[in-house]
1. Looking only at region A:321-331, count every residue that is farther than 14 Å from A:Ile33 by Cβ and part of a strand (DSSP E or B) and tell me the total.
2. Applying the selection to region A:292-320, what residues are open to solvent by 10 Å² or more (accessible area, probe 1.4 Å), closer than 18 Å to A:Pro85 by Cβ and either part of a strand (DSSP E or B) or among the basic types (Lys, Arg) (or both)?
3. Taking region A:162-207, which residues are of a type in the set (Asp, Glu) and either within 29 Å of A:Lys328 (Cα to Cα) or within 7 Å of chain B (Cβ to nearest Cβ) (or both)?
4. Would you point out the residue of region B:121-135, among those that are open to solvent by 20 Å² or more (accessible area, probe 1.4 Å) and in contact with a strand residue (DSSP E or B) (Cβ under 6 Å, 6 or more places away or on another chain), that is nearest to the other protein chains (Cβ to nearest Cβ)?
5. Here are the criteria: (1) within 25 Å of A:His106 (Cβ to Cβ); (2) surrounded by fewer than 22 Cβ atoms within 10 Å (Cβ to Cβ); (3) among the β-branched types (Val, Ile, Thr); (4) under 19 Å from the mean Cα position of the chain (by Cα). Tell me which single one B:Val84 does not satisfy.
6. Do we have A:Arg29 as crowded, with 20+ Cβ neighbours inside 10 Å and out of contact with any Pro (no Cβ under 8 Å at 6 or more places or on another chain) here?
7. Determine whether A:Ala120 is within 14 Å of chain B (Cβ to nearest Cβ) and within 20 Å of A:Lys200 (Cβ to Cβ).
8. So how many residues does region A:226-251 have that are under 17 Å from A:Trp25 (Cβ atoms) and in contact (Cβ under 8 Å) with a residue 60 or more places away in the chain?
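The values are calculated or read from the model by the stated rules, or taken from the named source; none is laboratory data. Since the structure is predicted, the reported quantities are computational estimates derived from the model, not experimental observations. FYI the Cβ positions are ideal-geometry reconstructions off the backbone, even for glycines, and counts take in every protein chain you see. These area figures cover heavy atoms from the full protein model, side chains too; ligands, DNA and RNA do not enter into them. Shrake-Rupley method; radii C 1.70, N 1.55, O 1.52, S 1.80 Å.
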Amino acid sequence: MAEALRVPAGPKIREWSRKQAFSDWMVARWARIIPASGIDGGLPQFLEGIRRRPPRYLRVNTLKLSRDQVAKRLAARGFTTARTPMDPDMLRIVQAPVSPGATVEHMMGMTTPQDLASAAAPLALRPGRGAVVADLAAAPGIKTLHMAGLMQDKGAIIACEPDEARRRGLRFNLERCGITSAVLRAHDAQSIPGAGWADKVLLDAPCTGEGTIPKDSDRRRGKIEEIDRLTATQADIVDAADRILRPGGTLVYATCTFGPEENEAQVQRLLERGYTMEDTDLESCGAPLGHGLTQWGDREFDASMKLARRFYPGIHPTLGFFVARLRKEDA
Amino acid sequence: MRQATYDEETLVTGFFEAADAGLARKVMQGRDLAILDHADGRKVVLADPAVWKLPEDLWADADGGLLIGEIADGAFRLDLQGAVRMAAATTKQCVRVLEKASHLFLYGKKILGISIDDHDRSLRRGDACIVTGPRGEALGIGVVIGNLKGQGEAVEPLHDLGEYLRGQ
């Protein structure tokens, strides 16, 4: 994989980065990425949003109760919630008298905290009842839960998580929510056996996590070399995803970071193998979503990359996210 | 993970049928019984039948399904999610508590007799029971330690839905 693009930081970016304790190389890259994804003039809003926590959301486990039933129960406990246009099974927390995790409803598996942007990945995948789905980097299981709900807990979700502590958390969440359709593999995604058995693959790839800076300020001072290290891992997992997906199957590639090396470049590798980009059916989240980049430095990406979608804190009421939906060539 | 043997299935379904006729079908809801063989015993899970159609090396060495109990010393013992499914289908072996007692139970506290709204009349001291909230939803598993209609301590918690979060 080519090295991550170094973008020179001008004096305004250097000054802002110094004051706000960000790595200036990161901010310089963002200043190019955001307009290239079709959001003109969005940088100031983004730079505000990247320093503040976005609204909080709860996923409703529709295997247990409906969204409106849960909203009513939470209201009785003093919560104020609102619907979200992008996802009918999510509630935005307007006011919370206690942590949502401390409620009986959470302990009973009726709700799970989830950022709205990350819901985009299962929504784009659209797994139906009875599907066989691979979730290649599953812990802590929020997207696994989401998919199980979309599948009405019928079918099979093969979830990979090699880290024992993270797998315990994944197991706990699945049990809490009453999920029967998950199989938990204690190995990394690259060593998942077999070929062509999955109808759908969700690859929420390990990444530099720049999109999570609003809730994890330690990531403000990242090293650009991390991008180079992670793109190699991402490529390996993409290869495994390609191997296990059946011809004609659907793959969603997602990350919570902004760099095209970790996003469009990985998707481009699949397009060069005959995959076709498909519409995520996600257009707006408070404001129009950004689209995938078709160029980054001296790299050109397929024109269809514009079907990928990007979420930006401050512009959208979410953390940062990238999501692309692809179809594997028929046999 | 493996499919339950005939004997294992009989043991587990027998447990539910002894509690209430037709209960096994309601708890399982079309899922298969599967076993996770651990060093400390056989865990019983509910799994979707779709799993067995996949290549065996995907599930044979994997965890999975919904844990509902375990088989130990020749008997089936209910676990938390088994209690959740059971309470959704029957009031047998259940003790329904008032709202405030629900919260206390989820913090690992004992239930007093005055906090009990209703209970299975066949429960006796020493019996395991499913503790439910005012809506009949399972909160956990306890053991009867006193008079379920009295003033004193009546149910001691064994397992509750709040214990994992308390342990974090």
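1. Counting residues in region A:321-331 that are farther than 14 Å from A:Ile33 by Cβ and part of a strand (DSSP E or B) gives 5.
2. A:Arg309
3. A:Glu175, A:Asp188, A:Asp199, A:Asp204
4. B:Ala128
5. (2)
6. Yes.
7. The answer is no for A:Ala120.
8. 3
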